[in-house]
């Protein structure tokens, strides 16, 4: 089975089945009767009732059996789509993206005045960035398809494109040019549990502590007992992921042109 983060009706039962044997007998009833306002309060209740070390060991063992869908949202020309079909998703390279910016911004009225600063901006976002803040060197994706659609990825492109545009023009005047480039795509691929955990956070959790992403999943699952109408999609939580290695073509299972959908949402 592949876990799709947005499809909570499919993976919430996995958490229920995993936690029920190690939790107090009436924990689901207690959650249902609680009046927690925030998702993390519901998750904290479960952690205190079961024990975080026990939860981590048990959930890690269960979730290692599953793969997860990840969603790369961006704007692509047809040639770029074909390149991904052939070579997969490669790690972001700002130097390789340089010619793309000339194509995107060439009709901007201020382009002639700012284009000489492009290399300086690219350096600042890449090699010149503080440790941990570099935009290049990873494949960026989200765990939530709905989150991709609610963010800028499929609308005006990658986050780094926004940073480059602002670094050049110091305002949002380039957004229309970003939006006009190519078509809006979501490229879906699969990843193993540990790979997803590492892509969400490079921080290794302390012994006996839940990883950051499993804690978020636990919070959402637990809160669904408090509020049965709770919807992950409604949270607009994209859950950004940064993969340290390229994604091979055989791991990609969907190329979704969402241009029409994005226009309807505009």
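The values are calculated or read from the model by the stated rules, or taken from the named source; none is laboratory data. Keep in mind the model is a prediction, meaning the values are calculated, not measured. Backbone-built Cβ (ideal geometry, glycine too); neighbour counts: all protein chains shown.
Structure data summary
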{"item": "Matching residues, region 171-210, being closer than 30 Å to residue 52 by Cβ, outside any loop (DSSP other than H, G, I, E, B) and touching a residue at least 60 places away in the same chain (Cβ under 8 Å)", "result": "190, 191, 192, 193, 194, 196, 199"}
{"item": "Residues satisfying the stated conditions in region 100-140, i.e. touching a residue at least 60 places away in the same chain (Cβ under 8 Å), closer than 26 Å to residue 79 by Cα and in a loop (DSSP other than H, G, I, E, B)", "result": "107, 108, 137, 138"}
{"item": "Selection from region 182-210 of residues that are over 16 Å from the mean Cα position of the chain (by Cα) and surrounded by 18 or more Cβ atoms within 10 Å (Cβ to Cβ)", "result": "182, 184, 210"}
{"item": "Inter-residue pairs, beta-carbon under 7 Å, first in contact (Cβ under 8 Å) with a residue 12 or more places away in the chain and at positive phi and in region 220-247, second part of a helix (DSSP H, G or I) and buried (at least 21 other Cβ atoms within 10 Å of the Cβ), 6+ apart", "result": "236/147; 239/147"}
{"item": "Any chance residue 147 is buried (at least 17 other Cβ atoms within 10 Å of the Cβ), in a helix (DSSP H, G or I) and out of contact with any helix residue (DSSP H, G or I) (no Cβ under 8 Å at 6 or more places or on another chain)", "result": "yes"}
{"item": "Flag if residue 12 is surrounded by 14 or more Cβ atoms within 10 Å (Cβ to Cβ), under 17 Å from residue 230 (Cβ atoms) and in contact with a strand residue (DSSP E or B) (Cβ under 9 Å, 6 or more places away or on another chain)", "result": "no"}
{"item": "Residue in region 77-95 that is touching a strand residue (DSSP E or B) at 6+ places or on another chain (Cβ under 6 Å), surrounded by 18 or more Cβ atoms within 10 Å (Cβ to Cβ), within 30 Å of residue 10 (Cα to Cα) and modelled with pLDDT of 95 or more present", "result": "yes"}
{"item": "Test: residue in region 21-38 that is in contact (Cβ under 8 Å) with a residue 24 or more places away in the chain, touching a helix residue (DSSP H, G or I) at 6+ places or on another chain (Cβ under 7 Å) and within 30 Å of residue 139 (Cβ to Cβ)", "result": "no"}
{"item": "Single residue of region 211-248 satisfying the filter (farther than 18 Å from residue 67 by Cβ, modelled with pLDDT under 95 and assigned to a loop (DSSP other than H, G, I, E, B)) that is nearest to the chain's Cα centre (by Cα)", "result": "238"}
{"item": "Filter result for residue 46 (surrounded by 15 or more Cβ atoms within 10 Å (Cβ to Cβ), farther than 30 Å from residue 254 by Cβ and either out of contact with any strand residue (DSSP E or B) (no Cβ under 9 Å at 6 or more places or on another chain) or in contact (Cβ under 8 Å) with a residue 12 or more places away in the chain (or both))", "result": "yes"}
